[in-house]
Each structure stands twice: as structure tokens, then as C-alpha cells.
Amino acid sequence: MRRILVIGSCGQIGTELVPALREKYGNDNVIATGRRTPPPKILKEGGPFIYLDALEIDALKKVLYEYEIDTIFHMASILSATGEKMPQTAWNININGLINVLETSRSYKIKNVIWPSSIAAFGPTTPRDNTPNTTILEPTTMYGITKVAGELLAEYYYKKYGLDTRSMRLPGIISSETLPGGGTTDYAVEIFYEAIKKKQYTCFLKEDTYLPMMYMPDCNKCMIDLLEADNLKLKRRVYNVTGISFSAGEIAAEIKKHIPEFQIDYEPDFRQEIADSWPKSIDDSLAREEWNWDPSYDLASMTKDMIEKLSKRL
Ligand code: SER
């Protein structure tokens, strides 16, 4: 049985990843951590929760030792839009946090480190349709720069020290438990809350903006499947993964099928330029070949499930 540490577990992905990991590996074997945010009930009551700042390397070492950790999910990160408002902080948290995790993992003989990269690793010079795994990585956001540097760093630790690092380039994640904070793909989550509460949403991206996305249950599956993949079958450390690609107009039309009164208008802001620098769709065939990546949700089934879940709660 694994002993798993989830760093940054109060964020959008962590709050749903931790319960999924606890279900698979046992409540007490999954230690959830957060830096500042008080943990949601689901994290605190479901198993151990502690405060931990990945920038404090001694605190990190102590936790690895005391909890006999052998697997780390490093989820703490400043996302793309916030990163443009405070690029130096984004660099500090994203890169210094990561190297602390890699360094301590190396010395404490951690079995696996899962660290998500992002579609933000791509940039305006990358082919935007069906973007391949190996391609041009020239991002123009600080978030993207930290993802490219992080990918190289994680790969370096694998080659130089044999630390088993694994990364997936996540697209926008759509989830119902915790709102994302400070990303460019956040509109695809906000739109559901506003459609249910106000029947109206003002989108910060243009109607025809296509971005790759993934529904949270597929994201959990992606994390666990890559963690459990046979290392002999993995020919690289970083994988493109995707679920669904749609435009803002298309998701609005899908929501209207369930909430006919729903109205949307578009007021693009600085995030439009970020979105325009990212792929519209992703080629994830290598993930499919090497570790059987196979997402379940399409636009229709994701929309239906989101509306059902959120309508009950809101
Ligand atoms: N969801 C992220 C963002 O929009 C992309 O990885 O910043």
C-alpha cells in the first residue's frame, strides 16, 4: 500500500483528487496538505490534513519522514492569469516549490512524484490543432515558463538521480466541488455556477475561443492511471492528455439545452491573449498508447453531470 502526500490539496483539483486517492489507497494513507487555505470539510474529515508550505524545505522533510511517505502529488501552483499579475511570485512558488519537492524526494527515496504540467507549456509558435506531444515549447506567460522549466527539471531528476517523476499536461479542468482560482480556463467552470444561479454569464473570452478541457472524474483517473502505469512502458516523463475541446459558444449552447433561459455575452479581457496562445485541441495518442489513457466524458455528458451536481448544491 502507498503512503501518499498531496501538496496543495485545497485547490480545485486537490479537493477532489484526495477523496479519490483515499477511496483507492485508504483514508489514513493519504495525507492532505494546504499552505494557508482552511481545508474544506471533505478533506479534514476524510483523513489526515496538515499545513505545509512546499517552500519550507525542512518542514517538507519532516513530513516525509514522520508520515513515511513514498508517493507525492505536487499540486501547489499559481495559475496563468494570477501569474501574469505577479510573475515573480509565480516563479517562486511554481519552481522553488517543485525543486524542493524533487530534492527532498531524491534524498528520502520517494517512489513516485506526480507533478502536473499544463497546456500552458505551449505558446503562440506551437501548432494549435491536434498539438503533438513533442513540439515547440515557447510559452509567453510566466505560468507557462514555469511549466516548461518544471518539465525539464522533473526529467532531469529522473535521468540524473533515478527519481520516478511523471507529468501530464493538463488542459482546463471542469469540476463541481471547488472553484478554480486564477486560470484562463476558469470560465468553463464559472459559466455553470452563473447559469444555475443567475441564468446569465459574461464570459471573459470570445465566443469562438476553443480550448482543450477535461472533466474532473477523468482528471482523477488520469492522475491515478499515470501513477500506476508500468514504468517499463513509459517512453517519456511528460504526456499530453485531453478530454474535450470546445469553444465558449459551444458550451453555452450545450448549457442552454438544460437551462433554456440561459443568456451569455462576451467581454474579452487580458485572458483572451493567453487563450489565443494555447492549443485548440491536443493529440494525446502517446498517453493512450503507453498507459491506456482513455477519458470517459464528452461535452454533453460532462454538462449534464455538472448541472445535476451543482443544481443540488446551489
Ligand atoms: N487551467 C490552467 C489555467 O488556465 C491551465 O493549466 O491557467
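The values are calculated or read from the model by the stated rules, or taken from the named source; none is laboratory data. Just so it is clear, the model here is predicted, and its values are computed rather than measured. Note that we place each Cβ from the backbone using ideal geometry, even for glycine, and neighbour counts take in every protein chain shown.
Below, the figures for the structure above:
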{"read-out": "Residue check for V148: in a helix (DSSP H, G or I) and not aromatic (F, W, Y)", "value": "yes"}
{"read-out": "Hey, I99 aliphatic (A, V, I, L, M), within 23 Å of L163 (Cα to Cα) and not in a loop (DSSP other than H, G, I, E, B) or not", "value": "yes"}
{"read-out": "Test result for I7, within 21 Å of I99 (Cβ to Cβ) and at pLDDT 95 or above", "value": "yes"}
{"read-out": "Criterion violated by K160 - all others in (1) more than 14 Å from the ligand (Cβ to nearest atom); (2) outside any helix (DSSP H, G or I) satisfied", "value": "(2)"}
{"read-out": "Residue that is nearest to D129 (Cα to Cα) [pool: residues in the range 245-268 that are in a helix (DSSP H, G or I) and among the charged types (D, E, K, R)]", "value": "E250"}
{"read-out": "Among residues of the range 260-289, those that are more than 18 Å from the chain's Cα centre (by Cα), surrounded by fewer than 19 Cβ atoms within 10 Å (Cβ to Cβ) and more than 21 Å from G249 (Cα to Cα), counted", "value": "3"}
{"read-out": "Leading residue by the ranking (nearest to T104 (Cα to Cα)) among those in the range 1-38 that are of a type in the set (K, R) and in contact (Cβ under 8 Å) with a residue 24 or more places away in the chain", "value": "R3"}
{"read-out": "Options S296, S285, S281: the member that is at pLDDT 95 or above, within 30 Å of T134 (Cβ to Cβ) and within 16 Å of the ligand (Cβ to nearest atom)", "value": "S281"}
{"read-out": "Any hit, the range 227-236, residues being among the basic types (K, R), surrounded by fewer than 18 Cβ atoms within 10 Å (Cβ to Cβ), touching a helix residue (DSSP H, G or I) at 6+ places or on another chain (Cβ under 8 Å) and in a helix (DSSP H, G or I)", "value": "yes"}
{"read-out": "Test: N292 is buried (at least 18 other Cβ atoms within 10 Å of the Cβ) and among the polar types (S, T, N, Q)", "value": "no"}
{"read-out": "Selection count, the range 200-233, where residues are aromatic (F, W, Y) and closer than 19 Å to L310 by Cα", "value": "2"}
{"read-out": "From P139, P124, P132, P116, residue being within 10 Å of the ligand (Cβ to nearest atom) and under 25 Å from D284 (Cα atoms)", "value": "P116"}
{"read-out": "Matching residues in the range 182-209 - criterion: being within 16 Å of the ligand (Cβ to nearest atom), closer than 19 Å to Q12 by Cα and either more than 20 Å from the chain's Cα centre (by Cα) or of a type in the set (S, T, Y) (or both)", "value": "T184, T185, Y187"}
{"read-out": "The range 110-121 - residue that is out of contact with any Asp or Glu (no Cβ under 8 Å at 6 or more places or on another chain) and of a type outside the set (V, I, T) and, of those, farthest from I4 (Cα to Cα)", "value": "A120"}
